[in-house]
């Protein structure tokens, strides 16, 4: 009996594991399905970069005062200029950004080593709630007034896609 | 008397011309200075005004162009719509969660947390609500009602931010008005300063002009014989140099027995005779000659002379004219009126030729004196 009692049938274990997976998926699905990749659009070609891959190549860590959060934050990301060259072959004259909140903007002047595409903050991956999953920041913003958020308009949040404009 | 005589000293216009150019340049520099001053002001004002206008009025399409609070509120209202929709509850929860997460991201900004008391509790409420929605532990209607407080807070923030933006625009408007005043008064000040500088400059110019004129007159006087009003020896040299490469005739005139004249009539009468002779010589040459008194009773005439015949003609005219004038000379040894000894030479004006011409004319004059005076001679071998 004990042996019988202790020996659980194989399908029972599988069912439990399936239930656990379903619960986990059920809880995490909205976020997971919502922002899992960054689209790099170059003409007709769209390349999806998994956020896990993006985080894996985020090889630069620095601490920066984030005017939107009002505190020093340890940011981890990748040099945006190099990132553009890796994916577009060169730095496009302009980039069209689409964010997860449907914000869209086209900006120029990205041939600048000061910009970083960050994916982690204080060691945690960025989420929509923390204005992720990817965000652009300037590593050095000089003596701009951190109280004036208008001066940080180019810090694109919640980046969903980046389209090269040649 | 002297007005009939062609002035021996050239009244050169050079100092006046220089003075006028100087004034012209000063006007130009003053205009440029005023223009530059105004330009600096305008550029300064533009540099100040343009970024301010951009900051307040050109935010459309930028990250903070539309208030984050507004965008956050819209997402919360969309979440409420999803929750109250007819779709299956799980799908409604998922859709609502997405909207609330977006709203949270836009709401969770330091400036809101710091300035609005309702921000922190609202964010905590949203955080709790998202957890309950993920665990499916809440009724849709309850979830909808729990979003009202954050929405109310966001609306408050929106209104307050709009007020702040309005005040900022008012401040900007006031600053613009003040800057306009500064611009107006500064322009006026620059204009008045320009006028004052111009007046000071003109005054200085007039003084300089006067001093130059005075100096020039002194120079003219230094070149003029004060008794007869004709040029002196220095003027003769200067005029010869001024007529370089021209064919000239030099006539030297010496009054015969002038000492005896002075002894007989006295020096004042002698001076009168000198003035009369200066006038006579000038009239005889039809004002075509420049006259000089070289000292004592010696005169010189300088005239354009293309050939020796012309020179001789002038000499003849002079002697003839003198005889016609018939100035009395009570002490003349030959019982004549005033007579002259005249010597002439012709030369091409130059620095070195004049000395030879003078010497040649002087030799001719002494030949006349040696021959008994009252006549003329011309040295033809220049």
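Taken over region A:126-154, the criterion of being closer than 16 Å to residue A:76 by Cβ and within 14 Å of chain B (Cβ to nearest Cβ) is satisfied by A:126, A:127, A:130, A:131, A:132, A:133, A:134, A:135, A:136, A:137, A:138. Checked against (1) in contact with a helix residue (DSSP H, G or I) (Cβ under 7 Å, 6 or more places away or on another chain); (2) closer than 29 Å to residue B:72 by Cβ; (3) surrounded by fewer than 19 Cβ atoms within 10 Å (Cβ to Cβ), residue A:112 meets all criteria but (2). Residue count for region B:119-147 under the criterion of being farther than 30 Å from residue A:65 by Cβ, at the interface with chain A (Cβ under 9 Å from one of its Cβ atoms) and surrounded by fewer than 17 Cβ atoms within 10 Å (Cβ to Cβ): the result is 2. Taking the criterion of being touching a helix residue (DSSP H, G or I) at 6+ places or on another chain (Cβ under 8 Å) and either touching a residue at least 40 places away in the same chain (Cβ under 8 Å) or surrounded by fewer than 16 Cβ atoms within 10 Å (Cβ to Cβ) (or both), the residues of region A:133-145 that qualify are A:133, A:134, A:136, A:144, A:145. Does region B:80-88 include one or more residues that are at pLDDT 75 or above, touching a helix residue (DSSP H, G or I) at 6+ places or on another chain (Cβ under 8 Å) and more than 22 Å from residue A:128 (Cβ to Cβ)? Checked region B:80-88: at least one residue is at pLDDT 75 or above, touching a helix residue (DSSP H, G or I) at 6+ places or on another chain (Cβ under 8 Å) and more than 22 Å from residue A:128 (Cβ to Cβ). Among the criteria (1) touching a helix residue (DSSP H, G or I) at 6+ places or on another chain (Cβ under 9 Å); (2) at pLDDT below 95, the one residue B:250 does not fulfil is (2). The combined condition, being assigned by TED's automatic domain parsing to the domain that holds residue B:373 and closer than 21 Å to residue B:227 by Cα, is not fulfilled by residue B:353.
For region B:109-118, a residue qualifies if it is within 12 Å of chain A (Cβ to nearest Cβ) and either at pLDDT 95 or above or assigned to a helix (DSSP H, G or I) (or both), and the qualifying residues are B:110, B:111, B:112, B:113, B:114, B:115. Across region B:190-226, the number of residues qualifying as within 27 Å of residue B:293 (Cβ to Cβ) and surrounded by 10 or more Cβ atoms within 10 Å (Cβ to Cβ) comes to 13.
Return the residues of region A:63-78 that are more than 14 Å from chain B (Cβ to nearest Cβ) and within 25 Å of residue A:37 (Cβ to Cβ); say none if nothing qualifies. Correct list: A:74, A:75, A:76, A:77, A:78. Being closer than 30 Å to residue B:330 by Cβ and in a helix (DSSP H, G or I) is a condition met by at least one residue of region B:246-258.
Residue-level check: of (1) assigned to a loop (DSSP other than H, G, I, E, B); (2) in contact (Cβ under 8 Å) with a residue 24 or more places away in the chain, residue B:378 misses just (1). Would you mind stating whether residue B:174 is in contact with a helix residue (DSSP H, G or I) (Cβ under 9 Å, 6 or more places away or on another chain), assigned by TED's automatic domain parsing to the domain that holds residue B:70 and exposed (fewer than 12 other Cβ atoms within 10 Å of the Cβ)? In short, no. Selection of region B:66-93 for residues being crowded, with 21+ Cβ neighbours inside 10 Å, facing chain A (nearest Cβ under 9 Å) and over 17 Å from residue B:154 (Cα atoms) yields only B:93.
Conditions tested, residue by residue: (1) assigned to a helix (DSSP H, G or I); (2) under 60 Å from the mean Cα position of the chain (by Cα); (3) under 28 Å from residue A:157 (Cβ atoms).
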site	(1), (2), (3)
B:130	yes, no, yes
B:144	yes, no, yes
B:162	yes, yes, yes
B:174	yes, yes, no
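Annotation: of all residues in region A:115-132 being without any contact (Cβ under 8 Å) to a residue 12 or more places away in the chain and part of a loop (DSSP other than H, G, I, E, B), the one that is surrounded by the most Cβ atoms within 10 Å (Cβ to Cβ) is A:126.
The values are calculated or read from the model by the stated rules, or taken from the named source; none is laboratory data. For clarity, every value in this text was computed on a predicted model and none was experimentally measured. In this analysis, Cβ positions are derived from the backbone assuming ideal geometry, glycine residues included, and neighbour counts consider all displayed protein chains.
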